[in-house]
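Just below is one structure, and these are the notes that go with it.
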Amino acid sequence: MTAEADYLLRIADDHLILGQRVAEWCGRSPTLEEELSFANVALDLLGQSRVLFARVAEMRGDTNEDELAFKRYEHEYLNVKLVEQPNEDFAHAVVRQLLFSGFMLPFWREAQESMDQTLAAAAGQAVKESTYHVRHAREWVLRLGDGTEASHERTQEAVDTLWPYRGELFEVDELVQRMMAAGVAPDPAGLRPEYDALMTQTFEEATLTLPEKDWSQTGGRRGIHSENLGHLLTDLQYMQRTYPNMTW
C-alpha cells in the first residue's frame, strides 16, 4: 500500500508542479484566447493532481491533500525535472507542454485499465483533457517553429534546452517495476513508440532539429531537483506557510 501511494504521489506531483507553471501565464499570455487556453490547461492539471493527492492521503491515513500539495519540503516532491523548468518565453511553455502531454496521453489511455480504481477513473477524464493539451501545444510548436525567423530561433532554443528532460518520464526503477507487476502502472517502454512518432513528426513539420546527443536529466523521482523548484514552491506554498491551517 505504501509503494502504491508513493507511485501515485509521483504522478500527482508532476501535475501539481506543471499546473503551477502553466498558471503563471495568467495575465501574461500573448493573446486573450491563449489566456483562457492556458488557464484551462492549468485547471485540468491541478484537477488531476487533486484526485491523486486525495487518494494518497486516503491510503496513508495521516495527512490530507492540502498538506501533500503545500506543506512538504523541496526534496519531498517527486516530480520529473521537466515540469519545474521555468517559463523562459512562450516557446518554452508550449514545447515543455508537448514533451509532457505527449507522454501523458498514452499513459492515461493505458491507465484506464489500472488495478487502482481511482487512477483508472481519473484516467478516463484525463484522456480527454490530455488530447486537447497535446493538440494545443503541437499547433503552437508548428506555428512558432515554421513561423518567423525569430520565432523559429526561440522554439529551437526551447527544444535544445528541454529535450534532455524528457527521458525521465520513461525511467523504470524498482517502484515502477512493482507497480507494473501489480497491474497498477503502465509500462513506460510500451508508450515510447507513440511518443517518439509524435515528436519526430511534429518537429520535422515545424522545421526544428532534434538534439543529436540522447542523454537525459534524472533525479526528480528521488527528490533531487533544480533550483527552479525551490523558487516555484515559494509562490505555491506562500499562503499555507504564512497562514497555517487557514480555511475559507
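The values are calculated or read from the model by the stated rules, or taken from the named source; none is laboratory data. These figures come from a predicted structure and were not determined experimentally. Cβ sites come from the backbone with ideal geometry, for glycine too, and all protein chains shown count toward neighbours. Protein only, heavy atoms only, side chains kept; ligands, DNA and RNA dropped before computing areas. Shrake-Rupley method; radii C 1.70, N 1.55, O 1.52, S 1.80 Å.
Some values worked out for this structure:
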quantity: Output for the range 24-61, where each listed residue is closer than 24 Å to A121 by Cβ and among the acidic types (D, E); calculated: D44, E58
quantity: Whichever residue in the range 21-38 is open to solvent by less than 30 Å² (accessible area, probe 1.4 Å) and assigned to a helix (DSSP H, G or I) and, among such residues, is farthest from R72 (Cα to Cα); calculated: E34
quantity: Residues within the range 45-77 that are buried (at least 21 other Cβ atoms within 10 Å of the Cβ) and either closer than 12 Å to A5 by Cβ or acidic (D, E) (or both), tallied; calculated: 5
quantity: Positions within the range 5-20 being open to solvent by less than 20 Å² (accessible area, probe 1.4 Å) and over 16 Å from G220 (Cα atoms), in sequence order; calculated: A5, G19
quantity: Filtered residue count, the range 195-223, keeping only those that are farther than 22 Å from S151 by Cα and either of a type in the set (S, T, N, Q) or outside any loop (DSSP other than H, G, I, E, B) (or both); calculated: 9
quantity: Whichever residue in the range 82-95 is under 14 Å from L142 (Cα atoms) and within 13 Å of the chain's Cα centre (by Cα) and, among such residues, is surrounded by the most Cβ atoms within 10 Å (Cβ to Cβ); calculated: V95
quantity: Scope the range 107-127; condition open to solvent by 10 Å² or more (accessible area, probe 1.4 Å), part of a loop (DSSP other than H, G, I, E, B) and not polar (S, T, N, Q); matching residues; calculated: E113, M115
quantity: Meets criteria (free of Cβ contacts under 8 Å to residues at least 24 places away in the same chain and either closer than 23 Å to P86 by Cα or in contact with a Ser or Thr (Cβ under 7 Å, 6 or more places away or on another chain) (or both)) for Y238; calculated: yes
quantity: Where M104 falls short, out of the listed (1) over 17 Å from the mean Cα position of the chain (by Cα); (2) open to solvent by less than 10 Å² (accessible area, probe 1.4 Å); calculated: (1)
quantity: Single condition N245 does not satisfy, out of (1) out of contact with any Gly (no Cβ under 6 Å at 6 or more places or on another chain); (2) within 18 Å of Q97 (Cβ to Cβ); (3) not in a helix (DSSP H, G or I); calculated: (2)
quantity: Those residues of the range 192-222 which are under 30 Å from A3 (Cα atoms) and open to solvent by less than 10 Å² (accessible area, probe 1.4 Å), in sequence order; calculated: Y195, G219, G220
quantity: Residue within the range 145-152 that is closer than 29 Å to G220 by Cα, open to solvent by 10 Å² or more (accessible area, probe 1.4 Å) and either modelled with pLDDT of 95 or more or assigned to a helix (DSSP H, G or I) (or both) present; calculated: no
quantity: Test set (1) within 23 Å of D6 (Cα to Cα); (2) of a type outside the set (A, V, I, L, M, F, W, C); (3) open to solvent by 70 Å² or more (accessible area, probe 1.4 Å) - R241 fails condition number; calculated: (1)
quantity: Matching entry among A185, A158 (being assigned to a loop (DSSP other than H, G, I, E, B) and either within 19 Å of S101 (Cα to Cα) or in contact with a Cys (Cβ under 6 Å, 6 or more places away or on another chain) (or both)); calculated: A185
quantity: Pairs with Cβ under 7 Å, 6+ apart, first in the range 1-20 and farther than 17 Å from A111 by Cβ, second open to solvent by 20 Å² or more (accessible area, probe 1.4 Å); calculated: M1/M59; L16/L46; G19/L46; Q20/L236
quantity: Checking N79 against (1) polar (S, T, N, Q); (2) under 23 Å from R192 (Cα atoms); (3) part of a helix (DSSP H, G or I), the condition it does not meet; calculated: (3)
quantity: Any hit, the range 165-175, residues being closer than 18 Å to R138 by Cβ and in a loop (DSSP other than H, G, I, E, B); calculated: no
